[in-house]
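One structure is given here, and the rest of the page talks about it.
The values are calculated or read from the model by the stated rules, or taken from the named source; none is laboratory data. Given the structure is predicted, the values throughout are model-derived calculations rather than measurements. All Cβ positions, even for glycine, are placed from backbone atoms using ideal geometry, and neighbour counts span all protein chains on display.
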């Protein structure tokens with residue numbers, strides 16, 4: 001991924017703030033320019049259009065996701081611990097940048113832009129592949145119940161996604177990390193095979 005300049009970061013932050021405060025329909029180059037305090041022409045010097053801004057946001061998330069997935073793959077730990085790392089890292093990432101959850105979990109934002117939709121699909125696909133592989137490894141190790149791995153993946157990602165959505169809809173009124181840890185304990189109870197069974 002190419003280096004993002006300080007000015008581009010400022011523009012991205014303004015775009016995310018607009019999406020958070022007013023929704024995607026309010027994301028215009030003019031509104032971004034007003035938020036950062038310079039002309040629309042200055043914004044166009046850094047990005048061709050708002051789609052390129054959103055594409056860069058997705059690229060940044062994809063880059064951090066790739067780093068996380070590499071760390072999980074390199075981790076010399078049990079499968080359940082790897083799934084836990086994934087779930088809690090996603091909570092930590094969204095807690096640190098709440099607007100990112102709005103962008104990453106709102107596929108309808110991108111339904112009219114096939115390139116952006118494809119990028120989101122690629123990121124989510126990498127998450128799916130990692131979790132399915134990890135679940136299957138855990139099943140071979142007799143640590144995770146032998147249910148269809150795809151169903152376990154849906155349980156994990158679906159519950160994580162719902163938790164993040166509840167947090168967003170509540171106006172970020174609760175501690176996402178604390179709630180994520182509690183959610184993980186419940187998921188672990190459901191999917192794990194107790195040692196000695």
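Scanning the range 181-195 for residues that are over 22 Å from the mean Cα position of the chain (by Cα) and surrounded by 15 or more Cβ atoms within 10 Å (Cβ to Cβ) turns up 191, 192, 193. For the range 166-180, a tally of residues being touching a helix residue (DSSP H, G or I) at 6+ places or on another chain (Cβ under 7 Å) and part of a helix (DSSP H, G or I) returns 6. In the range 42-59, the residues that are more than 11 Å from residue 10 (Cβ to Cβ) form Cβ pairs under 6 Å with partners that are at pLDDT 90 or above and not in a helix (DSSP H, G or I), at six or more places apart or across chains, as follows: 53/47.
Only one of these is assigned by TED's automatic domain parsing to the domain that holds residue 88, surrounded by 14 or more Cβ atoms within 10 Å (Cβ to Cβ), touching a strand residue (DSSP E or B) at 6+ places or on another chain (Cβ under 9 Å) and assigned to a helix (DSSP H, G or I): 132, 152, 116, 163. Name it.
Details: 132 fails: touching a strand residue (DSSP E or B) at 6+ places or on another chain (Cβ under 9 Å); 116 fails: touching a strand residue (DSSP E or B) at 6+ places or on another chain (Cβ under 9 Å); 163 fails: touching a strand residue (DSSP E or B) at 6+ places or on another chain (Cβ under 9 Å).
152 is the lone residue from the list that is assigned by TED's automatic domain parsing to the domain that holds residue 88, surrounded by 14 or more Cβ atoms within 10 Å (Cβ to Cβ), touching a strand residue (DSSP E or B) at 6+ places or on another chain (Cβ under 9 Å) and assigned to a helix (DSSP H, G or I).
Mind checking whether some residue in the range 47-63 is under 17 Å from the mean Cα position of the chain (by Cα), part of a helix (DSSP H, G or I) and surrounded by fewer than 14 Cβ atoms within 10 Å (Cβ to Cβ)? Looking through the range 47-63, at least one residue is under 17 Å from the mean Cα position of the chain (by Cα), part of a helix (DSSP H, G or I) and surrounded by fewer than 14 Cβ atoms within 10 Å (Cβ to Cβ). Figure legend. Inter-residue proximity from the range 167-179: first residues touching a residue at least 40 places away in the same chain (Cβ under 8 Å), second residues assigned to a loop (DSSP other than H, G, I, E, B), beta-carbon distance below 6 Å, spacing 6+ or different chains. No pairs are indicated. Applying the set (1) farther than 19 Å from residue 81 by Cα; (2) buried (at least 19 other Cβ atoms within 10 Å of the Cβ); (3) at pLDDT 95 or above to residue 138 leaves exactly one unmet item: (1).
Quick one: count up the residues across the range 181-197 that are outside any helix (DSSP H, G or I) and within 12 Å of residue 83 (Cβ to Cβ).
Residues meeting the conditions: 1.
Of all the listed residues (41, 15, 34), the sole one being outside the structural domain of residue 174 (by TED's automatic domain parsing) and surrounded by 16 or more Cβ atoms within 10 Å (Cβ to Cβ) is 15.
Mind listing just one residue for me: the one in the range 1-12 that is in contact (Cβ under 8 Å) with a residue 12 or more places away in the chain and exposed (fewer than 14 other Cβ atoms within 10 Å of the Cβ) and, of those, nearest to the chain's Cα centre (by Cα)? If you could, list the steps in order and put the result at the bottom.
Taking the range 1-12 first, the residues in contact (Cβ under 8 Å) with a residue 12 or more places away in the chain are 1, 4-5, 7-8, 10-12.
If we keep only those that are exposed (fewer than 14 other Cβ atoms within 10 Å of the Cβ) too, we end up with 1, 5.
Values: 1: 18, 5: 23 Å.
Residue satisfying both the conditions and the ranking: 1.
For the range 18-31, a tally of residues being over 25 Å from residue 169 (Cα atoms) and surrounded by 18 or more Cβ atoms within 10 Å (Cβ to Cβ) returns 1.
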